[in-house]
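Peer 1: What follows is a structure written as structure tokens; I'll ask about it next.
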Amino acid sequence: RNIHFYPEAPCSTLRTALARRFSLKEGNVVISNGADNLISMVANAFVDEGDEVVMATPTFPVYTNTTQIMGGIPVSVPLKDFTHDLPEMLKRVNRKTKLVYVCNPNNPTGTIVTRKALDDFMSRLPERVILTLDEAYFDFVDDPNFPNGLGYVKKGKQVIVLRTFSKVYGLAGLRIGYALGREDLIKGLNQVRDPFPVHRLAQVAAEAALKDRKYEEMSIRMIRDGRKYLYRELERLGLSYVPSQANFILIDFGRDINEVFEGLLREGIIIRPGRIWNYPTSGRVTIGRIGDHRKFIKALKKILK
Ligand SMILES: *Cc1c(COP(=O)(O)O)cnc(C)c1O
């Protein structure tokens, strides 16, 4: 009924709900049109021409292009054992470094950096450098060594945590995500925010999703069960994979990934082929519902035969 009105610009109701949920102040929360858009906002607010931005490779590609659009220089540090190489990333931090991205769990590998590794990294990172922790897959983690980025925000560190309604709440089509951080950092993000970034339907859906703990639990259980099911089936097929804390698995099919990709496509299944990450025999497979997994394994058996 209210669709002819502009939406609430700062998403006030949702912002209050998020602040309550995380025991933060409203000033620690900014909501926008998806975490992708928040990554742009981080670059727009904090990256100037010639600034260096340290990140892993492969990781989420949006960090690179948003940095380049602002004239910043992405400094990419290869993963080690499919995980962020924080000691090596620290070595690449210098006087020109403005920002560091840590995608935790990392997309496309599903691996995490541990609390100990991140604490160590933080204790050596110059205080003027902003750490952006992309926690799009936060809810699917079950490793007790995972560091909740919120802890750093509450300690007043120069840290921005990104989260989204796209993954655990299944609202990717509505485009809504948020950032948590110290008030001065969030103020910086608000200064580059679009005037009305999130439309009414997305705001209402996100508020409802946040209250629907049953759905959240179901979604998390489905992903964790799906991971286990796929691990078991992949082991039976003799395929190796990177154990994942996210809602996808990086699988080594042991042959040219393009062949596997095309074969699966013919069966109506689309995966992300790994050539772009220099993993020529691997692909990233998203965890879905149990019926999807059965269909995937059946198609895979046919292709590998
Ligand atoms: C999916 C994803 C995002 C983007 O989420 P949206 O809220 O849908 O824009 C950000 N970061 C990572 C690592 C992701 O995988």
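Residue-by-condition table, conditions (1) among the polar types (S, T, N, Q); (2) farther than 17 Å from residue 56 by Cβ; (3) touching a helix residue (DSSP H, G or I) at 6+ places or on another chain (Cβ under 7 Å); (4) more than 10 Å from the ligand (Cβ to nearest atom):
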position: 121; (1), (2), (3), (4): no, no, yes, yes
position: 133; (1), (2), (3), (4): no, no, no, yes
position: 150; (1), (2), (3), (4): no, yes, no, yes
position: 176; (1), (2), (3), (4): no, yes, yes, no
position: 181; (1), (2), (3), (4): no, yes, yes, yes
position: 186; (1), (2), (3), (4): no, yes, yes, yes
position: 189; (1), (2), (3), (4): no, yes, yes, yes
position: 195; (1), (2), (3), (4): no, yes, no, yes
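Peer 1: For the stretch 155-174, which residues satisfy the criterion of being away from the ligand (no atom under 11 Å from the Cβ) and of a type in the set (S, T, N, Q)?
Peer 2: 158
Peer 1: Return the pair list, or none, for Cβ contacts closer than 6 Å from residues in the stretch 149-173 that are aliphatic (A, V, I, L, M) to residues that are in a helix (DSSP H, G or I) and within 16 Å of the ligand (Cβ to nearest atom), at least 6 apart or on different chains.
Peer 2: Listed pairs, sorted by first residue: 162/35; 162/38; 168/139; 168/219; 171/205.
Peer 1: Next question, about the same structure. Can you list the strands (runs of 3 or more DSSP E) lying wholly within the stretch 11-92 that have 3 or more residues being open to solvent by 30 Å² or more (accessible area, probe 1.4 Å)?
Peer 2: Details: elements: 29-32, 52-57, 73-78.
Ranges flagged: 73-78.
Peer 1: Further question: Touching a residue at least 24 places away in the same chain (Cβ under 8 Å) and more than 16 Å from the ligand (Cβ to nearest atom): does that describe residue 95?
Peer 2: Working: touching a residue at least 24 places away in the same chain (Cβ under 8 Å): no; more than 16 Å from the ligand (Cβ to nearest atom): yes.
No; evaluated as a whole, the condition is false for this residue.
Peer 1: From the residues in the stretch 231-269 that are touching a strand residue (DSSP E or B) at 6+ places or on another chain (Cβ under 7 Å) and over 28 Å from residue 143 (Cα atoms), which one is surrounded by the fewest Cβ atoms within 10 Å (Cβ to Cβ)?
Peer 2: 258
Peer 1: Related question: Only one residue in 175, 163 is at pLDDT 95 or above, of a type in the set (Lys, Arg), open to solvent by less than 30 Å² (accessible area, probe 1.4 Å) and within 23 Å of residue 29 (Cβ to Cβ). Which one?
Peer 2: Working: 175 fails: open to solvent by less than 30 Å² (accessible area, probe 1.4 Å).
Exactly one residue qualifies, and that residue is 163.
Peer 1: Just to check your reading of the model, which residue among 272, 289 is open to solvent by 80 Å² or more (accessible area, probe 1.4 Å), charged (D, E, K, R) and touching a strand residue (DSSP E or B) at 6+ places or on another chain (Cβ under 6 Å)? Lay out the reasoning, then the answer.
Peer 2: Values: 289 fails: touching a strand residue (DSSP E or B) at 6+ places or on another chain (Cβ under 6 Å).
Exactly one residue qualifies, and that residue is 272.
Peer 1: So, in the stretch 20-48, exactly how many residues are farther than 15 Å from residue 153 by Cβ and either in contact with an Asp or Glu (Cβ under 8 Å, 6 or more places away or on another chain) or within 16 Å of the ligand (Cβ to nearest atom) (or both)?
Peer 2: The total comes to 12.
Peer 1: Find all pairs meeting these conditions: Cβ atoms under 8 angstrom apart; at least six residues apart or on different chains; first residue within the stretch 275-292 and modelled with pLDDT of 95 or more; second residue outside any strand (DSSP E or B) and aromatic (Phe, Trp, Tyr).
Peer 2: 281/253; 282/253; 283/253; 283/261; 285/296
Peer 1: In the list 295, 214, which residue meets the criterion of being out of contact with any Lys or Arg (no Cβ under 7 Å at 6 or more places or on another chain), within 30 Å of residue 22 (Cα to Cα), modelled with pLDDT of 95 or more and surrounded by fewer than 20 Cβ atoms within 10 Å (Cβ to Cβ)?
Peer 2: Values: 295 fails: within 30 Å of residue 22 (Cα to Cα).
Within the list 295, 214, the selection yields 214.
The values are calculated or read from the model by the stated rules, or taken from the named source; none is laboratory data. Because the structure is predicted, anything quoted here is derived from the model rather than measured. Note that we place each Cβ from the backbone using ideal geometry, even for glycine, and neighbour counts take in every protein chain shown. To get the accessible areas, we keep the full protein, side chains included, count just its heavy atoms, and leave off ligands, DNA and RNA. Shrake-Rupley method; radii C 1.70, N 1.55, O 1.52, S 1.80 Å.
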